[in-house]
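Down below is the structure, laid out as structure tokens.
The values are calculated or read from the model by the stated rules, or taken from the named source; none is laboratory data. Computed from a predicted structure; not experimentally measured. When we count neighbours, we look across all protein chains shown, and the Cβ atoms used for this are built from the backbone with ideal geometry, even at glycine. These accessible areas exclude ligands, DNA and RNA; they are computed on the full protein's heavy atoms, side chains included. Shrake-Rupley method; radii C 1.70, N 1.55, O 1.52, S 1.80 Å.
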Amino acid sequence: MLAVAQMARTQLSERWVETQAQERAQKARRVVYLSMEFLMGRTLSNALAALDLTDDAASGLARHAQVLEDIADHEPDAALGNGGLGRLAACFLDSMATLSLPSWGYGIRYEYGMFAQRIIGGAQVEYPDPWLVDGTPWEFPRADISYPVRFGGWVEHVNGQAHWHHAGKVAAKAYDMVVPGHGTKKVSTLRLWKAVAPAHFDLGAFNTGDYARAASTKNEFENISWVLYPNDSTPAGRELRLKQEYFFVAASLQDLVKRHLEEHATLENLAEHVAIHLNDTHPAIGVAELMRILCDEHHMPWDRAWQLCGLTFSYTNHTLMPEALETWPVSLIGHVLPRHLEIIFRINKEFLDEAALYRPGDNGFLQRLSLIDERGERRVRMAHLSVVGSHTVNGVSALHSELLVNTIFADFADMWPKRFTNMTNGVTPRRWLAQANPGLTGLLDNTLGTGWRLDLNQLRRLDAHRTDSSFQQKFMAVKRANKLRLAALIKRTTGYEVSPDSLFDVQVKRIHEYKRQLLNLLHVVWRYQAILADPGVSWVPRTVIFSGKAASSYHSAKSIIRLIHDIGTVINNDPRVGDKLKLVFIPNYGVSVAEVIMPGADLSEQISTAGTEASGTGNMKLALNGALTIGTDDGANIEIRQNVGDDNIFIFGLKTPEVRALRQSGYQPMRYCESLPQLRQVLDAISGGHFSRDEPNRYRGLIDSLAWGGDHYMLLADFESYIETQAKVDVLYSQPTRWCERAISNVAGMGAFSSDRTIGEYASKIWHVAPLDPAP
């Protein structure tokens, strides 16, 4: 693996040097993409495809009795992200390179990722993910690139100039990863920062045997780049998270300013040559940091610096839930970043002065807009800072963008209606079809040619083949081979054998209450009880497949994972059920696991409460690989429905206006329990300990939160519609030819969901970044 990787690395590095030289020579306007995570997955197969060396590498390895796929499996996933946010960022870098856009991604070089998930006794247990223990051939240490990042201390003002006297300092050292474009020799750079303590430690303490104190300073600072999303349930954890966010933003902005000044004599034209994009609120402190750099270090007048800031930043929001919008206590920011708190206060004052002129005398309007939430403990609203400091704010699906301007950012949209727009997410077809699904890729190449990799709209031509019996047979053969591969993964990771003839019903994503894995489980229990009650019915065999991680401090989500295992243990070992129903959980979900699951799925579960999922990208990957979606009219499900057709998707449940109306009228979940005996039976079985006989009350709290705790995400309101729609799934799956037609229609309709389309729209409508001119 290392030998093949080094060969690819050599060729990629040559392309990288050429791309950087072209950017400098053309003084290109660049996009700088700031993201807390980049879920890159494995690099080898993608690099070989970009270099058009896959066949040559496979042939060379075959001469040594090796198989390329087996060699590629030795590469660990780069543990630089967790979920959809990080995978989206990785897809975007791929598309930036493929579209030849001058681009840099910036993040943190996490040594241990978020965590490696193991299942012990049915429960999630977190372990470090030491993906760098043997090094990686894909990073380039940049020993010459290091920047100081400061924390704490106090601020002194002398003759109108602010001086930040910091209390601690850490070095940010650069490690570069190269992201190759496809169909081009251009590459993007992902620069990751490692925290390195000052080059000294307490030798006196060490010599007296106090080794812990001697190393404490080193650990205090270097832990910044150890773990993604450290547990923030403690004050120390919250401080570490804030330091992480500032650390990578401060290093990145210093780096881009240095690069700009090397190519231009002044920062006055910064906004003409740099577009800085905030991927969610994690890098929002960058607004205050750029103001600090311009005003404090380069002595630019405040008004001019603020003007440049507003022309440089843009911001993508990824969540509608107010509780998920990041805020920090004023006291914590004052402790860690005292100068930045001053800057935020001044931005807020001047902004509220402007808002007061827009709506004189409306104090409620000002309170809602303020960057500081004054209710209870004073907190800085990082999403508000992002909106105020950016020229453009976008949502990630049509519904999400509409809800942004009607709910959480309604007051900002009232003031600045032109500031808000939509950029529906997309996924890279190179990773999620060409690499993940070689069987379907071969069929597409033989049917359509190879151009779909760079123009996914060409998939629409599959509509002409969806009723062709010969094509259907080939399509179904590919799906069966992929299901056999997935069944082997299930056997290897869970010990359960599942039938590839069963419907593979897949829900793979971060475990969260709003994503409603619990609703899926209610259907599984309902189905189990129905099979036992009427064993003579010809049930469509079904294997329900879960995978995903729960945040280490998210107890409800971890309880759902354990419930999946407890229910699975009962069902999978009940001889009365046999292959009619299986329930499995594949541990340690990541990109490489997803690349096996997505092609093998028949049914894609996208069942969030309407109005809660910003977009989703798993829905796109699964449909691209021929899975039919069962979902609510939420996020990008709506646009998938519009592109594949109403007859080729299973939509159920309340729509967003109906959710809102039910809440306003006073939602009473117990009414559904009383009116639906089957639902009551399901809830009683779980809460009564049928699946946890060693601890009968293990899930009583989880079920009580539905029946008596308000059922915040309205599982019970959607239960009946969900069960009825699952019955429609069974009917269609029992007719293989009709199912195959609809699966082909899903693949054919996915052209709009390429990340190339998304990035092309960002480049033209938000960043105003043009492709590099071809090399002479």
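Before moving on, here are some points about what is shown:
- Relative to the longest principal axis of the Cα atoms of the chain, the long axis of helix 591-600 lies at roughly 30 degrees.
- For the stretch 396-532, radius of gyration divided by Kirkwood radius, i.e. Rg to Rh on alpha-carbons: 1.08
- More than 17 Å apart - percent of Cα-Cα pairs taken over the stretch 639-752: 67
- Using 0.36 nm per residue and subtracting the Cα-Cα separation, the extra length available between GLN735 and SER675 on full extension is 18.3 nm.
- In this structure ASP445 has an accessible area near 40 Å², from a 1.4 Å probe over the protein heavy atoms.
- Shape analysis of the stretch 233-328 based on the Cα gyration tensor places the equivalent ellipsoid semi-axes at 27, 15, 12 Å, largest first.
- Cα gyration tensor category, rounded, prolate or oblate, for the stretch 275-405 with a/c compared to 1.5: rounded
- Evaluating 6.51 cos²θ - 1.76 cosθ + 1.60 at θ = phi - 60° for every residue in the stretch 296-306, the Karplus couplings come out as 7, 9, 10, 6, 7, x, 3, 4, 5, 4, 5 Hz, glycine and proline recorded as x.
- According to the Kirkwood relation over distinct C-alpha pairs, the hydrodynamic radius of the stretch 698-776 is 17.9 Å.
- Fraction of alpha-carbon pairs over 18 Å apart in the stretch 203-259 - percent: 51
- About the centre of its Cα atoms, the stretch 644-776 shows a dipole size close to 180 debye [charges on the beta carbon of Lys, Arg (+1) and Asp, Glu (-1) only; nearest 20 debye].
- Within straight-line reach of LYS243, meaning a Cα separation under 18 Å, sit the following lysines at least 8 residues removed in sequence or on another chain: LYS169, LYS173, LYS194, LYS218.
- Spread of Cα-to-Cα distances over 5 Å intervals beginning at zero, given as percent, for the stretch 533-688: 2, 7, 12, 15, 20, 20, 15, 8, 2, 0
- Along the stretch 567-582 the Karplus relation, 6.51 cos²θ - 1.76 cosθ + 1.60 evaluated at θ = phi - 60°, assigns HN-Hα couplings of 5, x, 4, 5, 5, 5, 10, 8, x, 5, 9, x, 8, 5, 7, 10 Hz to successive residues, with x for each Gly and Pro.
- The stretch 285-309 versus the stretch 154-212: alpha-carbon centroid distance in Å: 21
- Cleavage-rule hits (trypsin sites (Lys or Arg not before Pro)) in the stretch 655-703: DSSP loop, at most 11 neighbouring Cβ within 10 angstrom: ARG693
- Spatial offset of the stretch 1-40 relative to the stretch 225-283 amounts to 20 Å, using the alpha carbon center of each.
- If you sort the three axes of the alpha carbon gyration tensor as a ≥ b ≥ c, you get a/c of 1.5 or more for the stretch 112-166 and a/b no higher than b/c, which makes it oblate.
- Spherically averaged projected area of the convex hull of Cα atoms, the stretch 307-369: 5.9 nm².
- Between the stretch 687-742 and the stretch 544-583, the alpha-carbon center distance in angstrom: 12
- Two-decimal Rg/Rh across the stretch 131-254, once Rg and the Kirkwood Rh are taken from alpha-carbon atoms: 1.05
- Pairwise Cα separations in the stretch 1-137 fall into 10 Å bins from 0 onward with the following percentages, short to long: 10, 32, 35, 18, 4, 1.
- Calculated translational diffusion coefficient of the stretch 615-674 (20 °C, 1.002 mPa s; Stokes-Einstein with Kirkwood radius over alpha-carbon pairs) equals 164 µm²/s.
- Computed from the Cβ-Cβ distance with R0 of 35 Å, the FRET efficiency linking THR421 to GLN307 stands at 0.95.
- Subtracting the Cα-Cα distance of LYS27 and ALA65 from their residue separation scaled by 0.36 nm leaves 8.9 nm.
- Theoretical gain in end-to-end length, LEU484 to TRP708 [0.36 nm per residue, Cα-Cα removed]: 76.4 nm
- Kirkwood Rh (inverse of mean 1/r, distinct Cα pairs), the chain, angstrom: 27.6
- Compactness relative to 2.2 N^0.38 Å, alpha carbon Rg of the stretch 579-633: 1.22
- Label-point separation, LEU662 to SER556 (7 Å along Cα→Cβ), nm: 1.6
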